[in-house]
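Nothing in this text is a laboratory measurement; each read-out follows from the coordinates by a stated rule. Keep in mind that what you see is a predicted model, and the values were worked out from it rather than measured. Counting neighbours? That spans all protein chains shown, and the Cβs are built from the backbone with ideal geometry, glycine included.
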Amino acid sequence: MDMKTISFSVNGKPQKVHVRTNWTLSSVLREQLGLLGTKIGCGEGECGACSVLMNGKTVTSCLVLAVQADGAEIITIEGLENMDGTLHPVQEAFVEAGAVQCGYCTPGMVMSTIALLEKHPEPTEEEVREGLTGNLCRCTGYQKIFEAVQIASKKMRRG
Amino acid sequence: MNNIKYFLPKSLEEAVKYLSDNNDAKVLAGGTDLIVKWKKTGCPDMHLMDIRGINKFAEMNDLSEGFFIGAGATIEQVESCEKIKADFPILSEAARNVGSVQVRNLATIGGNSCNAAPSADTVLPLIVYEAEAVIVSVSGEKRCTLKDFFVGPGKTVMRPGEMLKGFVLPKPKPCTVVSFAKHSRRAGMDLATVGVAVKICLKKGEKSAEEISVALGAVGPVPVSVKGLEKFNGADLSSDNVLKEIAEFSFEQASPITDVRGSKDYRSKMIVQNVKDCICKAIKID
Amino acid sequence: MAMTRYEKGDYKIIGTKRPYVDAKEKVTGRTVYVSDIHLPGMLYGKALRSPYPHAKILNVDISEALKVPGIKTVLTGKNVEQYKWGPITKDEYLIAVDKANYTGDEVAAVAGIDEEACDEAISKIRVEYEPLPAILSMHDAMKDGAPLIHESAPKNICNHFDIHHGLDTDEVFKNAYYVHEGEYETSLHYQGYIEPMAGVSVWDAHNNVTMYAGIQTPTWSRNDYAVALGIPVENLRIVQPPFGGGFGGKLSQPVHPLGALIAKYAKQPVRLVLDRVEDFQCALPRLPMYFKIKTAWDKEGKYLGKYTYIIADQGAYASYGASIALTAMYRIDIMYKCQALRSVCDLVYTNKVPTGCYRGFGNAQKHFAHETHLDEVAEVLNIAPDELRLRNFSGENYKNPHGWNTNSNAVSDCMKRGLEASEYHDKRKKFFVVNSDEKNHIKKGIGFAACVHVSGNRSFIKPFEGAAALLRMNEQGKVYVFSNEPDMGQGIRTVHSMCVQEVLSISEEHVCTTTPDTDIVPFGLGCFASRGTYMSTGALHMALNDMKSKLIKIGSEILGLPEGELELENEFVVSKTDPEKKASYADIAWKHVCDYPGQHILGIGYFTPEGVEYPDATKYNNISGGYAFGCQVAELEVNTKTGQVKVNEMWGIHDSGQPINLLAIEGQVHGGMAQGYGWALMENLAYNDKGKLMNPSFLDYQMPTAADIPKINAEFVDSFEWTTGFGAKSIGEASLIGAAPAIQNAVYNAVGVRINTMPITAEKVLKALEEKKRHQNQKTSVE
Ligand SMILES: Cc1cc2nc3c(=O)[nH]c(=O)nc-3n(C[C@H](O)[C@H](O)[C@H](O)COP(=O)(O)OP(=O)(O)OC[C@H]3O[C@@H](n4cnc5c(N)ncnc54)[C@H](O)[C@@H]3O)c2cc1C
């Protein structure tokens, strides 16, 4: 079985791991680095629960081979909180708006929201819908998630 | 079972050399087709050559004969490229219609063609824009118009040892109008039930065409570039009858089937409907 | 005997919007779900599934699989000890023994050190099948010569029900002014929770089993699972960690006990998580049903009688099929004052995925059929759809021919408010004008449906119904809530916390709502049948009163004041007259553990809804303490060139009694309506003629995405269900069931066609429009 050592940055910390070449990024994050916040809902890039930021862009980490993340900068849901435990404005907004029910889609949804607000700091309704299309949520009917995105947008613009 | 032999070339030269030495090696671009398929087939052994380490593959730039889009450019890069938005607007639009943000961040424009799925969204605008695929191997480069690139479901003209370097898109004539339609079941993240791209070169100040191109997706084993449309050159596109004729003429070259996305019958109707709508949209009549 | 009648309190916390108590854990990715659990020494499990919908299993050769490195055990139907089980009808083995009954049926299972080893072993198991003819449509199941799926069910009929209460329907039909008949068929609707079915099991040397399971019914499902595994119920402990959605799919189901069975033979803990394709293939989606409804009416639109015939397709195994079929047969009868009711149902087996509970539990199917039917009737009688319903709605204190009675019932308020909020009447007029323009190919429509569901359904375990709650105040004065009603995202833990905060005047930080562990929580049925809030807050109300009186008693001892002079405020027992005289909960709690060494103050509560009885042999008797009502409205447009339907906005107006957490109950309406919307327009598990599932992925089985979902407005009318302490009724299921018929009625309003076979796809709409046109052309040419 082929193996490779990869070095990458995860949530701002350097990581060096020995991985099988057939492992996906999501399995390395979850099983080797213990970052269980990245969820597996389908394994085929269709539900978005495993979304992480890779070099600043959201990707479904179940479709990325770990070896392809060599040298990359990865941010997962665990990388958003501040050291003192205060939440990222997007996380705060999701809590306040009630945008979290079972919560299984939430980490991916939060990552996509962050990328969305990066691109559109004051998103229109269309931009929100478009930006979150790759994240399925079955609990909320998306309504409170849309609300949370707008709350987060305001919070972030306020700084 | 389960093993992946992985190679990451640093340059184009290294890549084509590797491909020629390793006939079993597959190109890995965004992986959004390849990895999904691999998982669905029980993760068989694979030999992969990852082209994402080669920056040259992702380049987009002006050439004398047109605009070059590297095969490794992501769908997101294509979608947001200002030059493409300006000169090839329906390529940008089709790109925006692919999957989701996450998929577009990974998927490449080259992969969309090389995967040779009849439903691939960006293929249709590339066909009507008369894109040429630039194919490379150790023996050099060759070109193939995209409409002749596909030979069967999942099959392209590329032979072992060859790979796609990118596309060259000639600059459209000034009189050109275009439109694109992706008819799908749901608004977000869906493959096309029927896809249509239309390019028309209008006679100055008129609603008649000097030249019409139509490409159809998801309606046969490979994307369809409608042949013989010259016979409509000069026809008055503001006439319902002409629209209907063009749509039906196009439909005759399609061979839609029934699957979970739609029946043969519905697809047939939607080809005709969407071709008509696309022409109207392109020449701005409703 | 007079019934206890609870009064609405002057609430400070109940009825407000509170963020979910577990949301912070979830947004930071810290919540450990079932499929995240990794125990020391844990192995992975995996099942081999039948590629045929119906086949004899002639031989299973596991010799090569056993040689795969890392494989601990390989199980077949014949090398394990297992027993036929099922929540109602015991018709299923965890691993098929002689015959596979659907594509996806478990034929063998393995345990190994990682998923790859398991996959490899699975690929090396050689099964010799003898394919048998398969039944792929419920309409074929009872035909002469149809293959038999279960020996115990001749003609593939698992149950035949015939329920008749009130006046004689035949008589009523004979004498009615108008009789309307309609046929309707619903589709195979998948729950689509984002975390697949999962469980982690540990089997110890004394045959004690601990199961970490994503399950809605922990204490109750123990009974089913113990049967499958052949162990005493008391040996099975179920721990319910947070899990990624249930929607009814995660009651008793095979993945949990199969995981335990694998653990037994592996002699190590085993995690069994389905991959998404498997989950699509073998989870327990909503039963498709065929309805033939015949109703009788007088000239003024009085609803005189109803006859329903149902074929319910439960797939390869029965699961909860019988209860679901019964629900479809008669639950809606508490919404309309109809005095002649007969319902007949054949519940059949087919060679497709076994079905089960899904939000609505048969009632969703019935609502689609019935609320469509009522709009059809309204048109014929030339009475507006809302007026027709208004003339027939049951009110408060209505007893129907099945012996069920309503207490609170604000269904007409819901409808009035729903139509007002959506501007239904104005829009109907406006759209009529817009739609009359022939050139306009975008036609607009608005439609609604009324809905009713139970709050807990009394027909499960005789003589048990009701719920319990246990409160424990520890020695620092922090309150722990133990309940058997699990939180699967709907927010029951927050609801409990709010009730505790309200009654005990205690901060959220000092309330800990635990997740169920059957070793600790009281016995109960769990969260299904929309029982969670109604039942558990009923019990919690009692437990809180118990704890409150204990706090006051000890406070009175400490303060030397009479109990009547004391109240609870901000975690103190305080004198009503002199606020300086007070004792903190911490002091009270500490005094208690000292006086009764080590014992915490307990609050014990139990609740059985009054006026509810187990149904008799004819299915007579009130089945629920409180009936929840609602009205759902959909506004949409139909493209007549393509048949595509685009829903622009929806409204869900509900009578759920007293809302506890307004934030969560809105979330329930949004989520329920979104699922109903998806079911109406796009969702259906599709099989090909070889019995293979054609769309086992989120790309092909289409659930609404953020780009699709219309705006959904949730609202609640004033109501208080006085049979339960906090006046709360349910919402979980009522929130889903009106959306599909509302959409159907709106499509009809827009283009004058009905798609009575779900889902309402563009393709079907276009076809119906073409037929309508052909019809009209024929008519005009004749004229
Ligand atoms: C959730 C989801 C949604 C999707 N939605 C859409 C959609 O809406 N529309 C659509 O069109 N597609 C869709 N796709 C399919 C896919 O994303 C696209 O086809 C994508 O463009 C493929 O590009 P890739 O870089 O990921 O290709 P890969 O998966 O890396 O490769 C695909 C194939 O092409 C070959 N290949 C790739 N690059 C080259 C090259 N330069 N030279 C030679 N061969 C090469 C590979 O060997 C492989 O056989 C979706 C996929 C997913 C997972």
Practice item. Relative to the longest principal axis of the C-alpha atoms of chain A, give the angle of the C-alpha long axis of helix A:143-158, reported between 0 and 90° and rounded to the nearest 10°. Key: 90
Study note, to complete from the structure: Log entry: pair-distance distribution for the protein assembly as shown, C-alpha pairs binned every 10 Å from zero, whole % per bin is 2, 9, 17, 22, 21, 16, 9, 4, 1, 0, 0
Revision key, fill the gap. In units of 2.2 N^0.38 Å, the Cα radius of gyration of region A:89-158 is 0.95
Review point. On average, how many beta carbons from a partner chain sit within 10 Å of the beta carbon of a residue in B:42-52?
Key: 2
Practice item. Calculate the dipole size of chain B relative to its Cα centre from +1 charges on Lys and Arg beta carbons and -1 charges on Asp and Glu beta carbons; express the result in debye to the nearest 20. Key: 480
Check your understanding: What is the mean number of Cβ atoms from other protein chains located within 10 Å of the Cβ atom of each residue in peptide C:112-121, rounded to a whole number?
Key -> 2
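Placing +1 at every Lys and Arg Cβ and -1 at every Asp and Glu Cβ, with all other atoms neutral, what dipole size does region B:60-170 have around its Cα centre, in debye to the nearest 20? Don't skip to the end; give the middle numbers.
On the way: 10 positive and 13 negative charges, 66 e Å.
That gives region B:60-170 a dipole magnitude of about 320 debye.
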Check your understanding: Using the Cβ atoms and a cut-off under 11 Å, what net charge is assigned to the surroundings of residue B:16, where Lys and Arg are +1 and Asp and Glu are -1?
Key -> -3
Study note, to complete from the structure: Between the residues C:776, C:494, C:684, the Cα farthest towards the positive end of the dipole of the protein assembly as shown, that dipole coming from +1 and -1 charges on the beta-carbon of Lys, Arg, Asp and Glu, is from C:776
Revision key, fill the gap. Region C:182-210 scanned against label point 7 Å out from residue C:234 along Cα→C-beta; backbone N under 20 Å for C:203-210
Point to revise | C-alpha center-to-center spacing [region C:59-109, region B:11-43] in angstrom | key: 37
Practice item. Mind jotting down the distance between the C-alpha centroids of region C:394-414 and region C:143-184, whole Å? Key: 26
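Taking 10 °C and 1.306 mPa s as the conditions, I'd like the Stokes-Einstein D for region A:3-79 in µm²/s, using the Kirkwood hydrodynamic radius from alpha carbon pairs.
133
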Point to revise | All lysines inside 20 Å of residue C:553 as judged from Cα atoms, apart from same-chain residues fewer than 8 positions distant | key: C:478, C:576, C:581, C:582, C:591
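According to the square roots a ≥ b ≥ c of the eigenvalues of the Cα gyration tensor, what is the shape class of region B:175-286, taking rounded for a/c under 1.5, prolate for a/b larger than b/c otherwise, and oblate for the remainder?
Values: a/c = 2.19, a/b = 1.76, b/c = 1.24.
It is prolate, given that a/c is not under 1.5 and a/b is the larger ratio.
Of the listed peptides C:179-187, C:442-450, C:680-688, C:312-320, what is their order by residue-averaged count of other C-beta atoms within 10 Å, with the highest listed first?
Working: C:179-187: 19.1, C:442-450: 25.0, C:680-688: 21.7, C:312-320: 27.2.
The packing order, highest mean first, is C:312-320, C:442-450, C:680-688, C:179-187.
Kindly flag which residue pairs out of C:78/C:366; B:37/C:711; B:147/C:641 have an alpha-carbon separation exceeding 31 Å in this structure.
Working: C:78/C:366 41 Å; B:37/C:711 35 Å; B:147/C:641 29 Å.
From C:78/C:366; B:37/C:711; B:147/C:641, over 31 Å: C:78/C:366; B:37/C:711.
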Study note, to complete from the structure: Given backbone amide H placed at 1.01 Å from N, residues whose amide H is under 5 Å from that of residue A:65, ignoring those fewer than 5 places away on the same chain, are A:25
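Tally Lys/Arg at +1 and Asp/Glu at -1 over every other residue whose Cβ is under 10 Å from the Cβ of residue B:36; what's the total?
Values: positive: B:37, B:39, B:40; negative: A:44, A:46, B:33.
Once all neighbours under 10 Å are counted, the net charge is 0.
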Review point. For the charge dipole of the protein assembly as shown, defined by +1 on Lys and Arg C-beta atoms and -1 on Asp and Glu C-beta atoms about the Cα centroid, which residue among A:97, C:612, B:95 has the Cα displaced farthest towards the positive pole?
Key: B:95
Point to revise | Backbone HN-Hα couplings from phi across region C:435-449 [Karplus 6.51/-1.76/1.60, Hz, Gly and Pro as x] | key: 5, 5, 6, 4, 6, 7, 8, 9, 9, 9, x, 9, x, 9, 8
Review point. What per residue convex hull volume, in Å³, comes out for region B:4-50 when only alpha-carbon positions are used?
Key: 62
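If you take every residue apart from residue C:436 with its C-beta less than 14 Å away from the C-beta of residue C:436, what net charge results, scoring Lys and Arg +1 and Asp and Glu -1? Numbers along the way, then the final one.
Details: positive: C:428, C:429, C:430, C:439, C:443, C:444; negative: C:437, C:438.
Spelling it out: positives minus negatives among the neighbours equals +4.
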Study note, to complete from the structure: So the pair-distance distribution of region C:283-399, from every Cα-Cα distance in 10 Å bins, comes to percents of 14, 42, 28, 13, 2
Practice item. Round to the nearest 10 and give me the degree value, 0 to 90, for the angle of helix A:106-119's Cα axis relative to the longest principal axis of chain A. Key: 70
Check your understanding: In this model, which of C:292/C:462; B:276/C:443; B:83/B:171; C:90/C:399 are farther than 23 Å apart at the alpha-carbon?
Key -> C:292/C:462; C:90/C:399
Point to revise | Ordering of C:43-56, C:732-745, A:82-95, C:191-204 by packing [mean C-beta count within 10 Å, highest first] | key: C:732-745, C:191-204, C:43-56, A:82-95
Exercise for review: Would you list, by chain and number, the lysines whose Cα falls below 17 Å from the Cα of residue A:119, excluding same-chain residues fewer than 8 positions away?
Suggested key: A:57, A:154, A:155
Check your understanding: Roughly how many debye, to the nearest 20, is the charge dipole of the protein assembly as shown about its Cα centre, given +1 on each Lys and Arg Cβ, -1 on each Asp and Glu Cβ, and no other charges?
Key -> 1580
Check your understanding: Roughly how crowded by other chains is peptide C:661-674, in terms of the mean Cβ count from those chains within 10 Å of each of its Cβ atoms?
Key -> 4
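With runs of 4+ DSSP H residues as the only contributors, calculate the mean residue ellipticity of chain C at 222 nm using -39,500 (n - 2.57) per run, divided by the residue total and rounded to the nearest 500. Write down the numbers at each step before the final one.
On the way: 20 runs with 229 residues, N = 783.
That calculation yields -9000 deg cm²/dmol at 222 nm.
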Check your understanding: Share of antiparallel DSSP beta bridges in the protein assembly as shown, in percent to the nearest 5?
Key -> 80
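Hey, what's the per residue convex hull volume over the C-alpha atoms of chain B, in cubic angstrom? Mind dumping the intermediate values first?
Numbers: hull volume 36.0 nm³, N = 286.
Per residue, the Cα convex hull of chain B comes to 126 Å³.
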Practice item. Could you work out how far helix B:240-251 tilts from the main Cα principal axis of chain B, as a 0 to 90 degree angle to the nearest 10? Key: 30
